[in-house]
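Asks: Got a structure for you, questions after.
The values are calculated or read from the model by the stated rules, or taken from the named source; none is laboratory data. Remember, it's a predicted structure, so these values are computed and weren't measured experimentally. Note: ideal-geometry Cβ built from the backbone for every residue, glycine included; neighbour counts use all protein chains shown. Side chains are part of the model used for accessible areas, which takes the heavy atoms of the whole protein and leaves out ligands, DNA and RNA. Shrake-Rupley method; radii C 1.70, N 1.55, O 1.52, S 1.80 Å.
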Amino acid sequence: MKLTFTHQVNGVLKFVAPALLMLFAGKLAAQTYPFTLGSPSKFIYGLTGNGAIYEVDAVTGGGNIIKNTTYAGKSPSQPNGLAYSPTNNKFYYFKRNPGVSNPEFVSFDPSTGTVSTLATPNFSITTHTGCMNATATGYYTIDVNGNLYFYNIAADTWTTITSSFIDQDGNNVSSIIQTQNSGDMAMDGYGNIWLVTSSNSYYGIYKISAPIPATNVSQIVVQRYMDPTTATPNNNSFQGIAFDVNGDIYLASSDNKLYRQQTVSGASLQFIANMSPNGMSNDLTSQNYPSAVLAVKWLNFSATLQSNNTVSLNWQVAEENNRGFYVECSYDGSTWQSVTFIPSTSNNKPASVETYSYNYSNKINGKIYFRIKQVDTDGAFTYSAVKTVSLTNDKKRYAVWPNPTSDLVHISGESGSTNTSVTTVQLFDQSGKMVASQQLQAGINTINIGKFTSGIYIARIQTGQDIACLQKIIKQ
């Protein structure tokens, strides 16, 4: 999904615009076809808000134009949804968005420079996403209301698939798409769609598992891999995504910066480069349909709360060359810690199906997130879906307020001190670094975080080694 641009014309822009048009026209005249696409390991592709397509160096962020803004017929209007078909070497995208008048869905052939107008979309809602399926027979898009559509290349027809998405915990993902209203999607070599939803402040990652329907269904259950409250860099939404050859995700932000994130890792983003010229971050695609997004095939993963406040974790995978699994937990959905390592039982047997389990126990109150990190024998790793469970510890009750806050955090509850241990509160930033710590006394305790950087912090209250409460705090 991409941002909608509002053009503000003043005297200066009126003067500069013709020059810019002449520049683009000059680049069009200089273009020659066939244009041979570069190595998939080096280049990705960006579609600008005025319809130009660039081949983008994924190391430097520099772009080389392969299709300029000149089109026959009506001019581009809010174009996006760029996807690439390896079968016929064509790009597919909305030249004119379904949310504007006279929408147009087109293909562009870099071998001839030809733009072909295809079937008019059967919907009139703005869409910001697009990807080609793994067999390159069709194209998927999700509009800003959370409706999924399929375009059949051979039949040149559109089909509405569904208007309802929920995640593995029953949460309404359609409402997340509507609220965040930015992002993009790409398909891997297994036929799974990876969807990034984003607002200026937050983003999340979901997987729509193969086989993706090509006809109408009432609802689709997706897997949430990163919680949609994960903070974006510098309050800039993600507008485009694309896979690299290794299955990692490139993300382009609204301030024209290119990032890489190891697929579904939840780790910190790696800044790659500033994209130049500006505007290429409007949408991304690549030639890659990686099969390494998931090193093992996850058959199922569940987290079930038991009567003794223990969480039973169970998962089943089809695996080979697998070293084992790290069980990881998080109290905010973005900062993760390893609980234990469970070695593989397959003994490197090819394509074996194995079942694993682990019982997690902790004396906390509130929501806790779980995922499994799978590690190959060569060090490569992938992640399961994320599961959430709400735990209740009746022995200790604490209140942490106000939240959000700009300066003071108040904490009240049992001190929990004994003859041999004391109750403390520790504050951690998003990197896991402890930034404050103090002993709790009976009554109301106060921590001043006025000088801290704005963001999300975790307050951990514990007596001795027993964790009694974990609370996410938003510092304004």
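Asks: T197: within 24 Å of Y369 (Cα to Cα), modelled with pLDDT of 95 or more and in a strand (DSSP E or B), yes or no?
Replies: So T197 passes the test.
Asks: Can I ask one more? Just to be sure before I move on: is S182 of a type in the set (G, A, S) and farther than 24 Å from E104 by Cβ in the structure I sent? Step through it out loud before you land on a result.
Replies: Values: of a type in the set (G, A, S): yes; farther than 24 Å from E104 by Cβ: no.
In short, no.
Asks: Which residue is modelled with the highest pLDDT, if the candidates are limited to region 231-240 and must be surrounded by 20 or more Cβ atoms within 10 Å (Cβ to Cβ) and closer than 22 Å to V386 by Cα?
Replies: Within region 231-240, the match that is modelled with the highest pLDDT is F238.
Asks: Determine whether region 129-149 contains at least one residue that is more than 25 Å from the chain's Cα centre (by Cα) and open to solvent by less than 10 Å² (accessible area, probe 1.4 Å).
Replies: Among the residues of region 129-149, not one is more than 25 Å from the chain's Cα centre (by Cα) and open to solvent by less than 10 Å² (accessible area, probe 1.4 Å), which makes the answer no.
Asks: Quick one: how many residues across region 84-117 are under 20 Å from D184 (Cβ atoms) and assigned to a loop (DSSP other than H, G, I, E, B)?
Replies: 6
Asks: In region 47-80, what count of residues is obtained for those that are touching a Pro at 6+ places or on another chain (Cβ under 7 Å) and not small (G, A, S)?
Replies: Number of matching residues: 4.
Asks: Related question: Would you confirm, using the coordinates I've provided, whether Y356 is surrounded by 14 or more Cβ atoms within 10 Å (Cβ to Cβ), at pLDDT 85 or above and within 30 Å of K451 (Cβ to Cβ)?
Replies: So Y356 fails the test.
Asks: Same structure again: Please find, among S431, S454, the residue that is under 14 Å from S334 (Cα atoms), open to solvent by 70 Å² or more (accessible area, probe 1.4 Å) and either among the hydroxyl-bearing types (S, T, Y) or touching a strand residue (DSSP E or B) at 6+ places or on another chain (Cβ under 7 Å) (or both).
Replies: S431
Asks: Which one of I444, I474 is within 18 Å of D332 (Cα to Cα) and either open to solvent by 60 Å² or more (accessible area, probe 1.4 Å) or within 30 Å of the chain's Cα centre (by Cα) (or both)?
Replies: I474
Asks: Across region 261-275, which residue is modelled with the lowest pLDDT among those that are closer than 24 Å to Y54 by Cα and surrounded by fewer than 16 Cβ atoms within 10 Å (Cβ to Cβ)?
Replies: Looking at residues that are closer than 24 Å to Y54 by Cα and surrounded by fewer than 16 Cβ atoms within 10 Å (Cβ to Cβ), I get Q270.
Asks: Also, I was wondering about something else. Taking Q178 and the conditions (1) part of a strand (DSSP E or B); (2) surrounded by fewer than 16 Cβ atoms within 10 Å (Cβ to Cβ); (3) without any contact (Cβ under 8 Å) to a residue 40 or more places away in the chain, which numbered condition does it fall short on, given that it satisfies the others?
Replies: Going through (1) part of a strand (DSSP E or B); (2) surrounded by fewer than 16 Cβ atoms within 10 Å (Cβ to Cβ); (3) without any contact (Cβ under 8 Å) to a residue 40 or more places away in the chain one by one, Q178 breaks only (1).
Asks: Quick one: in region 391-426, of everything that is over 33 Å from the mean Cα position of the chain (by Cα), at pLDDT below 80 and part of a strand (DSSP E or B), which residue is surrounded by the fewest Cβ atoms within 10 Å (Cβ to Cβ)?
Replies: S412
Asks: Here's another thing I want to ask about it. Identify, from the list D188, D156, D244, the residue that is open to solvent by 10 Å² or more (accessible area, probe 1.4 Å) and within 30 Å of N274 (Cα to Cα). If you could, list the steps in order and put the result at the bottom.
Replies: Details: D188 fails: open to solvent by 10 Å² or more (accessible area, probe 1.4 Å); D156 fails: within 30 Å of N274 (Cα to Cα).
The match here is D244.
Asks: Then there's this: What do you reckon, is L118 closer than 25 Å to D248 by Cα and touching a residue at least 12 places away in the same chain (Cβ under 8 Å)?
Replies: No.
Asks: Looking at region 137-155 only, could you name the residues that are closer than 14 Å to Y93 by Cα and either of a type outside the set (A, V, I, L, M) or not in a strand (DSSP E or B) (or both)?
Replies: Residues satisfying the conditions are G138, Y139, Y140, T141, D143, Y149, F150, Y151, N152, I153.
Asks: Among the candidates N288, N278, single out the residue that is touching a strand residue (DSSP E or B) at 6+ places or on another chain (Cβ under 6 Å), open to solvent by 10 Å² or more (accessible area, probe 1.4 Å), at pLDDT below 95 and in a loop (DSSP other than H, G, I, E, B).
Replies: Exactly one of N288, N278 is touching a strand residue (DSSP E or B) at 6+ places or on another chain (Cβ under 6 Å), open to solvent by 10 Å² or more (accessible area, probe 1.4 Å), at pLDDT below 95 and in a loop (DSSP other than H, G, I, E, B), namely N288.
Asks: Would region 328-344 turn up any residue that is surrounded by fewer than 19 Cβ atoms within 10 Å (Cβ to Cβ), more than 28 Å from the chain's Cα centre (by Cα), modelled with pLDDT under 85 and not in a loop (DSSP other than H, G, I, E, B)?
Replies: No, region 328-344 contains no residue that is surrounded by fewer than 19 Cβ atoms within 10 Å (Cβ to Cβ), more than 28 Å from the chain's Cα centre (by Cα), modelled with pLDDT under 85 and not in a loop (DSSP other than H, G, I, E, B).
Asks: Right, next: Being within 24 Å of Y151 (Cα to Cα), open to solvent by less than 50 Å² (accessible area, probe 1.4 Å) and more than 22 Å from the chain's Cα centre (by Cα) is true for just one of G62, G51. Which residue is that? Can you show your working first?
Replies: Values: G62 fails: within 24 Å of Y151 (Cα to Cα).
The conditions single out G51.
Asks: Turning to a different aspect of this structure: Output the residues belonging to region 65-105 that are surrounded by fewer than 23 Cβ atoms within 10 Å (Cβ to Cβ), under 27 Å from the mean Cα position of the chain (by Cα) and on the phi > 0 side of the Ramachandran plot.
Replies: The one that is surrounded by fewer than 23 Cβ atoms within 10 Å (Cβ to Cβ), under 27 Å from the mean Cα position of the chain (by Cα) and on the phi > 0 side of the Ramachandran plot: N89.
Asks: While we're here: Is it the case, given these coordinates, that G191 is farther than 21 Å from S237 by Cβ, outside any helix (DSSP H, G or I) and touching a Ser or Thr at 6+ places or on another chain (Cβ under 9 Å)?
Replies: yes
Asks: Please determine, by comparing only the residues of region 451-467 that are part of a loop (DSSP other than H, G, I, E, B) and at pLDDT below 75, which one is farthest from the chain's Cα centre (by Cα).
Replies: The residue in question is G464.
Asks: I want to confirm something. Restricting to region 210-229 and keeping residues that are part of a strand (DSSP E or B) and within 16 Å of I142 (Cβ to Cβ), which single residue is most open to solvent (accessible area, probe 1.4 Å)?
Replies: Step by step, filter region 210-229, then rank; the result is V221.
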